[in-house]
Amino acid sequence: MRESQISETKFGTHEIAGECAIHRVLIIGTGGIGRRHLKGYEQTRRATLSVVEPDAEKRAFVLSQFALVHSYADVSEVVLQDYDLAVICAPAHMHVPLMNACVSAGLPFMVEKPLSVTADGVRKTLDNVSSTNLLARVGFTRRVADELKQVRKDIQTGKIGELKLIYMNSSQEFPKYRPDFQTTYYARPEMGGGAILDAASHLFDMLIWIAGKPRHVSCMYDRLVLEGTQTEDTCLINIRFESGTMANVTINQFQKPNTNQQEFIGTTGNLLLDHSTLTYRNSDTAGPVETHDFMDGLVPMEAHQARFAMQANYMMDALEGGQCHLATLEDAYLNLRLALAAKQSWDERKIIELEH
């Protein structure tokens with residue numbers, strides 16, 4: 001159905017004006033990330049919302065917080081053909097069967113990262129999606145961020161010459177931001193937790209989007225500090241891409257300062273993305289040539305939530321035949337293979353080569 005919006009709605013740089021379609025969206029899983037998606041789709045004013053949540057307490061909570069059309073305890077209760085889009089927010093070890101259910105029903109979907117926790121069954125699912133030409137994307141929200149889109153554009157247009165080297169450090173006191181981490185998926189590797197499958201996947205997506213296909217990977221990882229989990233809290237990863245570009249990825253989840261830096265080093269200049277501030281340098285003088293804080297004047301948590309609304313808008317644009325640059329299943333499968341290769345590298349104490 002279609003409904004007229006009274007006024008233009010703006011989320012970041014994504015604008016919706018005038019008449020828009022109202023889409024029936026099913027959110028599968030209502031933990032922390034599921035609630036962010038619920039709020040994001042609600043903010044677009046382009047969707048009616050229903051949920052699948054097996055935990056009765058979580059289901060009651062979202063019923064009290066959001067205007068839901070339906071709520072279900074299990075996906076088997078749902079007539080999936082009644083919906084226009086599913087958003088899969090269940091733990092990662094459940095992603096493949098849920099994607100398969102969407103494929104069988106012909107239901108477009110977005111699935112949260114990581115795509116899965118092993119490669120088992122993933123290739124077959126991706127082939128089935130491809131053969132049916134079904135719309136499917138993966139929830140790497142940084143792709144909608146203005147600062148990352150600018151980095152990619154600057155590199156593609158040759159602002160720093162030929163990209164040769166990338167340094168990434170994404171480290172923070174994770175328990176401060178997720179005090180319940182010991183009782184969530186994060187604590188268990190079979191559910192997709194840990195510094196590599198969970199945290200590094202965002203950085204891997206940035207690298208794949210900007211630098212292309214990885215060819216070789218080496219890694220060291222361990223649980224150095226965080227108690228009460230079976231997953232690593234630290235990883236040091238080196239990657240070489242088919243283009244010859246090399247990258248170094250560093251993550252720890254216990255340090256007190258919140259560090260989020262990515263430096264892109266080319267033959268004629270450097271781009272440094274420090275949280276939301278992008279700096280360009282092309283000499284060894286003290287001052288940068290250009291600096292732009294993309295978060296200037298914004299409230300960080302509100303801006304983070306706005307990315308979910310922007311992502312939701314892109315998905316619904318795609319449902320209507322529009323362009324969508326969000327991560328594809330193939331991107332996310334390469335991301336997963338990179339993460340699994342990183343773990344294999346340390347487990348077997350060798351450099352792993354990825355075949356394409």
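The values are calculated or read from the model by the stated rules, or taken from the named source; none is laboratory data. Because the structure is predicted, anything quoted here is derived from the model rather than measured. Ideal geometry is used to build each Cβ from the backbone, glycine not excepted, and the neighbour counts take in all protein chains shown. Accessible surface areas use protein heavy atoms only, side chains included; no ligands, DNA or RNA. Shrake-Rupley method; radii C 1.70, N 1.55, O 1.52, S 1.80 Å.
Suppose a student asked you for the relative contact order of region 251-356, using Cα pairs under 8 Å spaced at least 6 residues apart; what percent would you report? Write down the numbers at each step before the final one.
Values: 77 pairs, mean separation 11.0, N = 106.
Reported as a whole number, the value is 10 percent.
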message: Assuming 0.36 nm per residue, please report the length gained on full extension of the stretch residue 282 to residue 356 beyond their Cα-Cα distance.
response: 23.2 nm
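Over the chain, what is the relative contact order in whole percent, taking alpha-carbon pairs under 8 Å and six or more residues apart?
Result for the chain is 19 percent.
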field: region 210-275: GluC sites (Glu not before Pro) in DSSP loop, at most 11 other beta carbons within 10 Å
entry: 227
- prompt: Quick one: if the Förster radius is 30 Å, what FRET efficiency do residue 268 and residue 248 give, using the C-beta to C-beta distance and rounding to 0.05?
  reply: 0.90
Cross-link partners of residue 58 among lysines (Cα-Cα below 19 Å; sequence separation of 8 or more within a chain): 39
- request: Sequence neighbours fewer than 8 away in the same chain don't count; with that in mind, list the lysines whose C-alpha is under 22 Å from residue 256.
  value: 176
- prompt: Say each of residue 182 and residue 167 gets a label point 7 Å from the Cα, pointing the same way as Cα to Cβ; how far apart are those two points in nm?
  reply: 3.5 nm
task: Would you mind getting the accessible area per residue of the chain, heavy atoms of the protein chains only, 1.4 Å probe, in Å²?
output: 45 Å²
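Rounded to the nearest 0.05, what FRET efficiency is calculated for residue 124 and residue 258 with R0 set to 51 Å and r the Cβ-Cβ distance? Could the numbers behind the result be given before it?
On the way: r = 40 Å, r/R0 = 0.78.
The computed FRET efficiency comes out at 0.80.
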message: On a straight-distance basis, which lysines could pair with residue 153 in a cross-link, Cα separation under 19 angstrom, same-chain partners fewer than 8 positions away excluded?
response: 164, 213
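Would you mind giving the average projected area, over all directions, of the Cα convex hull of the chain in nm² with one decimal?
On the way: hull surface 74.7 nm².
Its average projected convex-hull area is 18.7 nm².
Return the percentage of antiparallel bridges among DSSP beta bridges fully within the chain, rounded to the nearest 5 %.
On the way: 46 of 70 bridges.
Of all bridge pairs located within the chain, approximately 65 percent are antiparallel.
Which is the longest run of the chain containing none of the trypsin sites (Lys or Arg not before Pro) found in DSSP loop states (not H, G, I, E, B) with at most 10 other C-beta atoms within 10 Å? Could you put the intermediate results ahead of the total?
Numbers: sites that count: 349, 350.
Result for the longest clean stretch: 1-348.
If we count every other residue with Cβ under 14 angstrom of residue 35's Cβ, Lys/Arg +1 and Asp/Glu -1, where does the sum land?
Working: positive: 36, 39, 58, 59, 178; negative: 42, 53, 55, 57, 112, 180.
Value of the local net charge: -1.
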- prompt: Can you give the Kirkwood hydrodynamic radius of region 265-349 from its Cα pairs, in Å with one decimal?
  reply: 16.9 Å
message: Counting only other residues whose beta carbon sits under 12 Å from that of residue 276, what net charge do I get with K and R as +1, D and E as -1?
response: -3
query: Mind listing the phi-derived Karplus ³J(HN,Hα) values for region 117-131, rounded to whole Hz, using 6.51, -1.76 and 1.60 with θ = phi - 60°, and x for any glycine or proline?
result: 10, 9, 8, 4, x, 5, 4, 4, 4, 5, 5, 5, 4, 5, 5
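Among the GluC sites (Glu not before Pro) within region 135-176, which fall in a DSSP loop and have no more than 13 other Cβ atoms within 10 Å of their own Cβ?
Numbers: sites: 147, 162, 173; in loops: 162, 173.
In loop regions of region 135-176 (DSSP not H, G, I, E or B), the sparsely surrounded GluC sites (Glu not before Pro) are 162.
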- request: Select from region 305-352 those GluC sites (Glu not before Pro) which occupy a DSSP coil region and have at most 13 other Cβ atoms within 10 Å, ordered by residue number.
  value: 320
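Carbon-plus-sulfur fraction of the accessible area of region 200-246, 1.4 Å probe, in percent? Intermediate results must be reported in sequence, preceding the final value.
Values: 960 of 1880 Å².
The C+S portion of the solvent-accessible surface of region 200-246 is 51 percent.
Using r as the Cβ-Cβ distance of residue 80 and residue 304, and R0 as 25 Å, what FRET efficiency do you calculate, to the nearest 0.05?
Values: r = 30 Å, r/R0 = 1.20.
So the FRET efficiency works out to roughly 0.25.
Report the far tail of the P(r) of region 182-246, meaning the percent of Cα-Cα pairs longer than 14 Å. Display every interim value, and only then the final one.
On the way: 1246 of 2080 pairs.
That fraction is 60 percent.
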- request: Under 12 Å from the Cβ of residue 107, count the other residues' Cβ atoms, weight Lys and Arg +1, Asp and Glu -1, and hand me the total.
  value: -1
field: Helix-only mean residue ellipticity at 222 nm for the chain, each DSSP H run of n ≥ 4 adding -39500 (n - 2.57), per residue, nearest 500
entry: -10000 deg cm²/dmol
